[in-house]
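Contents: one structure, followed by commentary.
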Amino acid sequence: MKIANKTVTATRLVKDALEKAKHFADYNIFTFIDEEGALKKAAEIDDKIARGEKVGRLAGVPYALKDNFMSTRGDTTASAHILEGCASPITATAVERLENEGAIMIGRTNLDAFAHGSSTENSYYGPTLNAYDKTRVAGGSSGGSAAAVALDIVEFATGTDTGGSIRQPASFNGVYGLKPTYGAVSRYGVVAMASSLDCIGFFTKTPEDMDLLMSVASGRDPKDLTTLPDFYNTNPQLGDSRPVASRPSLRGSAAQSAPVVAEGLESPKLRIGIIKDFDNDVVDAEIRETLKDKCELLKSKGYEIVELEMPSLKYALAVYYIIQPAEVASNLSRYDGVRYGFRSEKSGDLDSLYGNTRSEGFMPENKRRIMIGNFVLSSGFFDAYFLKAAKARTMIADEYKKAFEKCDFILTPVSPSPAFKLGEKVNDPVAMYLEDLMSVSLNLAGVPGLAIPAGRNKAGLPIGLQLVAPRRQDKALIEFAKELQDE
Amino acid sequence: MEIKREDIIHLGKLSNFDLSEKEIESLSKDISEIIKYISQLDELNTDGVEPTYQVFEMENVWRSDEILEQDASMEQLLALTKEEKDNQIKVPKVL
C-alpha cells in the first residue's frame, strides 16, 4: 500500500480516496463520509513529515471502517435503524491501533444490519452493489468494506466475521479477506453479534498488506479479556526466511506436525489438505475447477495434496444457525430504545416502548435470528437444539485438529457460488444461509481463514478460495497465500 | 416439528416484539423452514461428547480488583438518550 512520505502526501492520498468514493457513490458503499475530519488528519501527518518527525507504519493510508466499529467519528449504526443517531463516545481498540499508526478513516461502510446476512441486502440503508457487476450483490455482511477495497477507493477496510462475513464478500469482489484466529484482534468497541464466534479482520489487495495490518492490530487488550497473548508479532516465524514447515512454532499444529525437513533443503514437502466432502454438485463447477487448478499449481511447486474426510462439517451450518442465533438473541436484547439509538414515538408505557422500538428498529432478518435464538434456548428445546449443537461443535473442532495432523493448511471454496443477483435470495432465508456452508465451521472451531482471489469465471465474476490454518498460525497462513498469487 | 401461529406469537413475546399480522404470517413460514433445516442435527450421534461453548484457549484471565478509568463519562453516556432529567434517563410510565 502507498504510505505517505515527502513526495506523496497524506493529503494527496486522502483526497484521491475521497474523490473515488464520490465517483462510485452509486454502489452504496458508505453510510458516512468524513471529508473534513480525514483531511484534517492528513494535514497533521503531512506537517509531521515536513518537520522530519517520526510517523506511523500506516501514515496517511486512507481506509474504510465497517459501520459496526465504534469510533468518535460519525454515528455507529451497524446499518440498523435501531442504532440511528448513535454517536459513540468510545473508540474500538482495533481502530485506535490502526489510527495510532497513522491510518485515516475516510468513511464508514454498509453492512447487513447487525452483520446478519450474506449479501448486504439486509441493511437499513439498502444494498451495496458488487464491484464487478452492479446487478449483483457485494456479499455480506461486510459488503461495503469489500467493495471499497475492490474498487480501489481505499487501501484497506475493516470487517467482522462471525460465519463468513469477511471471507464471502472478499471472494465476491476479488480481494483478500482474513478472519483471524478467535481472540487474535480485540473485539472491544465492536457491536457484538455472537460473542463466541465474532472475529475482527481486514480486506486488502495483497497478503503483504494483510500482514502489516495484523502486526499493527492484533494482540492482547486489557479491555477484551478474550484476546490471546500477542502471538502474531512475537511468533518466532517473524523475519524467518526458512520455509514454513521447518520453522519453529510457539504452539503445536502446522509446524510441529509437518514432515521433518533437512536443514538447507530448498523446498520442503508442505502438505495441503483438500476436503473431499466439499467436492460435490453443491459447489459451482467453475469454482471446483479453480480449486483443482490451484492444486496442480501447488503440486508443481513441490507441495503434497492430501485428501481429507471431515464428515461432521456437513452439520456445521445447522450447528451455526443454532449457536449464532442463540448468542444473537442474548446480545441484541440490550437494544430497547432507552439508553441510546432509535426510540419509537408511539409508546404509552415502558413495555410498549420496548415492543414498538424493537419492532420498528430491527430488520426482518434480525427478528428471525432473535426469535430462532429464543426458540433454541427455550425450555423444552434447549437439549435438542442448543446443547446438541454445542456437542456437535466439539466434534467439528476435533475434526479440524485431526485434519491438521495430516496437513499444514487446508484449501477449500469460500462459498458455493460466485456473487448472485440482487434480490435472488433475499426472500428465502435458508437459501441465503447456505451461502455460509463452507465458511462457518472455521468460526465454530476458532481457526483462521483467508479468502484469496483466484481469478474470474467465464461471466467475469471473481472467484475466491479459502485457506485454513491451525489456531495461531495466522502469519504462516498469510505467508503461504503468496504461493497462490496469480502470476 | 410443526411451528404453529401461537408459537410465533410466543417467540415474539419472548423477543419483545409487537408483531403485526403480516409479520406473524411471514415469520411463521420463514421460521418453520429454518427450524426444519437446523433439525437435521437430529441424525448426528453426539452421545458421550462434551459440549463446547467457547473456543478461546485460555481460562480464568484475572485482573486486580481496581476501578479502572472509563472511556466514557456519565455526561457523554446520558447525551445518547432521548430524554434525560437530573442525570437520569426518562422513560414512559412503568405501571
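Of all residues in the range A:72-116, count the ones that are in a loop (DSSP other than H, G, I, E, B) and within 14 Å of chain B (Cβ to nearest Cβ).
Number of matching residues: 14.
So that you can scan it fast, the table gives a plain yes or no per residue for (1) more than 19 Å from A:Pro429 (Cα to Cα); (2) under 31 Å from the mean Cα position of the chain (by Cα); (3) hydroxyl-bearing (Ser, Thr, Tyr):
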site: A:Phe342; (1), (2), (3): yes, yes, no
site: A:Ser347; (1), (2), (3): yes, no, yes
site: A:Asp351; (1), (2), (3): yes, no, no
site: A:Gly355; (1), (2), (3): yes, no, no
site: A:Gly361; (1), (2), (3): yes, yes, no
site: A:Pro364; (1), (2), (3): no, yes, no
site: A:Lys367; (1), (2), (3): no, yes, no
site: A:Met371; (1), (2), (3): no, yes, no
site: A:Gly380; (1), (2), (3): yes, no, no
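Within the range A:269-287, track down each residue that is without any contact (Cβ under 8 Å) to a residue 40 or more places away in the chain and outside any helix (DSSP H, G or I).
Hits for the range A:269-287 are A:Lys269, A:Asp279, A:Asn280, A:Asp281.
Which helices (runs of 4 or more DSSP H) does the range B:1-80 wholly contain that include 2 or more residues that are among the β-branched types (Val, Ile, Thr) and crowded, with 17+ Cβ neighbours inside 10 Å?
B:21-38
Can you tell me which residues in the range A:108-166 are surrounded by fewer than 24 Cβ atoms within 10 Å (Cβ to Cβ) and of a type in the set (Ser, Thr, Tyr)?
A:Tyr124, A:Tyr125, A:Tyr132, A:Thr135
Just for helices (runs of 4 or more DSSP H) wholly inside the range A:386-458: which have at least 1 residues that are over 18 Å from A:Leu313 (Cβ atoms) and touching a Gly at 6+ places or on another chain (Cβ under 9 Å)?
So the answer is A:429-433.
Of the conditions (1) in a helix (DSSP H, G or I); (2) within 7 Å of chain B (Cβ to nearest Cβ), A:Ser347 fails just one. Which one is it?
Answer for A:Ser347: the failing condition is (1).
Please specify each residue of the range A:288-304 satisfying the condition of being touching a strand residue (DSSP E or B) at 6+ places or on another chain (Cβ under 7 Å), more than 16 Å from A:Gln466 (Cβ to Cβ) and outside any loop (DSSP other than H, G, I, E, B).
Once the filter is applied, which keeps residues that are touching a strand residue (DSSP E or B) at 6+ places or on another chain (Cβ under 7 Å), more than 16 Å from A:Gln466 (Cβ to Cβ) and outside any loop (DSSP other than H, G, I, E, B), the range A:288-304 yields A:Lys299, A:Glu304.
Residue check: is B:Ile31 more than 7 Å from chain A (Cβ to nearest Cβ), among the hydrophobic types (A, V, I, L, M, F, W, C) and in contact (Cβ under 8 Å) with a residue 12 or more places away in the chain?
Against the criterion (more than 7 Å from chain A (Cβ to nearest Cβ), among the hydrophobic types (A, V, I, L, M, F, W, C) and in contact (Cβ under 8 Å) with a residue 12 or more places away in the chain), B:Ile31 does not qualify.
Evaluate the range A:454-477: report whether one residue or more is at pLDDT below 95 and surrounded by fewer than 24 Cβ atoms within 10 Å (Cβ to Cβ).
No, because not a single residue in the range A:454-477 is at pLDDT below 95 and surrounded by fewer than 24 Cβ atoms within 10 Å (Cβ to Cβ).
Table: residues versus (1) touching a helix residue (DSSP H, G or I) at 6+ places or on another chain (Cβ under 8 Å); (2) more than 14 Å from every other protein chain (Cβ to nearest Cβ).
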{"site": "A:Tyr400", "(1), (2)": "yes, no"}
{"site": "A:Ser415", "(1), (2)": "yes, yes"}
{"site": "A:Leu422", "(1), (2)": "no, yes"}
{"site": "A:Val426", "(1), (2)": "yes, no"}
{"site": "A:Pro429", "(1), (2)": "yes, no"}
{"site": "A:Glu435", "(1), (2)": "yes, no"}
{"site": "A:Met438", "(1), (2)": "yes, yes"}
{"site": "A:Gly455", "(1), (2)": "yes, yes"}
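The values are calculated or read from the model by the stated rules, or taken from the named source; none is laboratory data. Fair warning: this is a prediction, and the values are worked out from it, not measured in the lab. When we count neighbours, we look across all protein chains shown, and the Cβ atoms used for this are built from the backbone with ideal geometry, even at glycine.
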